[in-house]
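This report refers to the structure that appears directly beneath it.
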Amino acid sequence: MADLMDRQLFNKLCTLAQDCARFACENQKKIHISFKDDGSVLTETDLAVSKRLVGAVSDLFPGCNIVSEEAPAHNLTWDAPWTFVIDPIDGTDAYCQGMDSWCVSVGILDRDLNPCGGIICAPHFGRSSEGITVTTLPGEDEVYLNGELLKSPLHKEIPAQLTMGSDTLKHIDMSQYKGKLRAFGSSILHLLSPCMFSRIDGCIDPVCYAWDTASAHAVVLKQGMVFVYTDGSPVHYTRQMLAGKKAHPMDMFAGPQSCANWMLEHLPPL
């Protein structure tokens, strides 16, 4: 459990993540786009935010592991109390096109690589003029949305709306699903949606990297929901994933247990 000193350090990290989100907003209209070797989009904002967050975590939590999408992990130790998993801009493609559905994300894994905390700042997302900041700390059950306790909304057992990755239809047979699909362009915001919006019942997440899920994964679990592979086993993190490898080669379902059960039964992999 995080003690008082740790909570103060986490609060400093949360403040920095919010500052980084505001910095990203200011730079959204003047970015220059480049491409990684895999064809995914990269901007100078991704690199600048990654540098600030990696530096801050190094100073605030010496001896902990740090994994960032834009900074290769080095010298990871498997007895560190926490591993910080950073996505400086989750939804970079949406970000660089001027869309609102992106966020700054810091996930926290415990010594056994279980998701235990997260900081998510999406300055243009949600109803508030300041967007959303979702936080949950290691060792605590509470999740906060813009400083207010987040209560999980009620959902239908048969999902009426699902969020999904942009290439989900390539992987999942959706022929039995009659509801609506939402794709924002950010894996973290897809996973958060059932925790915040009563009309979005679940999420289909494609095979991805640890930084695409870790922060929201902690929120999903603390909100009493599940995050499972399409074979029904719980999503977990491995040393290979933290070294930059993709997750288990299966898509994933998130939401209340009843909704996940329906997806497992009616949405088989192609």
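Find the residue count for the stretch 101-117, including only residues that are surrounded by fewer than 23 Cβ atoms within 10 Å (Cβ to Cβ) and in contact with a Gly (Cβ under 6 Å, 6 or more places away or on another chain). Write out each step before concluding.
Of all residues in the stretch 101-117, those surrounded by fewer than 23 Cβ atoms within 10 Å (Cβ to Cβ) come to 101, 110-114.
Filter once more, so that each one left must be in contact with a Gly (Cβ under 6 Å, 6 or more places away or on another chain): 101.
So the answer is 1.
Of these, 98, 147, which one is under 30 Å from residue 34 (Cα atoms), small (Gly, Ala, Ser) and surrounded by fewer than 13 Cβ atoms within 10 Å (Cβ to Cβ)?
98
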Exclusive hit being surrounded by 18 or more Cβ atoms within 10 Å (Cβ to Cβ) and touching a His at 6+ places or on another chain (Cβ under 8 Å), set 191, 242: 191
Test: residue in the stretch 62-79 that is modelled with pLDDT of 90 or more, acidic (Asp, Glu), part of a strand (DSSP E or B) and surrounded by 14 or more Cβ atoms within 10 Å (Cβ to Cβ): no
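Rundown of residues vs (1) farther than 20 Å from residue 15 by Cα; (2) in contact (Cβ under 8 Å) with a residue 24 or more places away in the chain; (3) touching a strand residue (DSSP E or B) at 6+ places or on another chain (Cβ under 8 Å); (4) not assigned by TED's automatic domain parsing to the domain that holds residue 221, yes/no style:
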position	(1), (2), (3), (4)
112	yes, no, no, yes
130	no, no, no, yes
136	no, yes, yes, yes
156	yes, yes, no, yes
Scope the stretch 159-180; condition surrounded by fewer than 16 Cβ atoms within 10 Å (Cβ to Cβ) and in contact with a helix residue (DSSP H, G or I) (Cβ under 8 Å, 6 or more places away or on another chain); matching residues: 176
Residue in the stretch 22-38 that is in contact with a Gly (Cβ under 7 Å, 6 or more places away or on another chain) and not charged (D, E, K, R) present: yes
Any hit, the stretch 207-227, residues being more than 26 Å from residue 139 (Cβ to Cβ) and either surrounded by fewer than 18 Cβ atoms within 10 Å (Cβ to Cβ) or touching a Leu at 6+ places or on another chain (Cβ under 8 Å) (or both): yes
Test: residue in the stretch 33-53 that is more than 21 Å from the chain's Cα centre (by Cα) and modelled with pLDDT of 90 or more: no
Single condition residue 201 does not satisfy, out of (1) over 30 Å from residue 52 (Cβ atoms); (2) out of contact with any helix residue (DSSP H, G or I) (no Cβ under 6 Å at 6 or more places or on another chain); (3) without any contact (Cβ under 8 Å) to a residue 60 or more places away in the chain: (2)
Tally, over the stretch 221-270, of residues that are in contact (Cβ under 8 Å) with a residue 60 or more places away in the chain and part of a loop (DSSP other than H, G, I, E, B): 13
Per-region count, the stretch 177-208, residues in a helix (DSSP H, G or I) and of a type in the set (Phe, Trp, Tyr): 0
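Yes or no: residue 49 within 24 Å of residue 12 (Cβ to Cβ) and in contact (Cβ under 8 Å) with a residue 60 or more places away in the chain?
So residue 49 does not fit the description; no.
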First in the stretch 167-178 and under 20 Å from residue 207 (Cα atoms), second anywhere and among the hydrophobic types (A, V, I, L, M, F, W, C) and part of a helix (DSSP H, G or I), Cβ under 9 Å, 6 or more apart: 172/263
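Before we move on, is residue 57 assigned by TED's automatic domain parsing to the domain that holds residue 122 and part of a helix (DSSP H, G or I)?
Yes, satisfied.
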The one condition in (1) buried (at least 21 other Cβ atoms within 10 Å of the Cβ); (2) more than 19 Å from residue 200 (Cβ to Cβ); (3) modelled with pLDDT of 95 or more that residue 137 fails to fulfil: (3)
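The values are calculated or read from the model by the stated rules, or taken from the named source; none is laboratory data. Note that the structure is predicted; figures quoted are calculated from it, not measured. Positions of Cβ are backbone-derived with ideal geometry, glycine not excepted, and every protein chain shown enters the neighbour counts.
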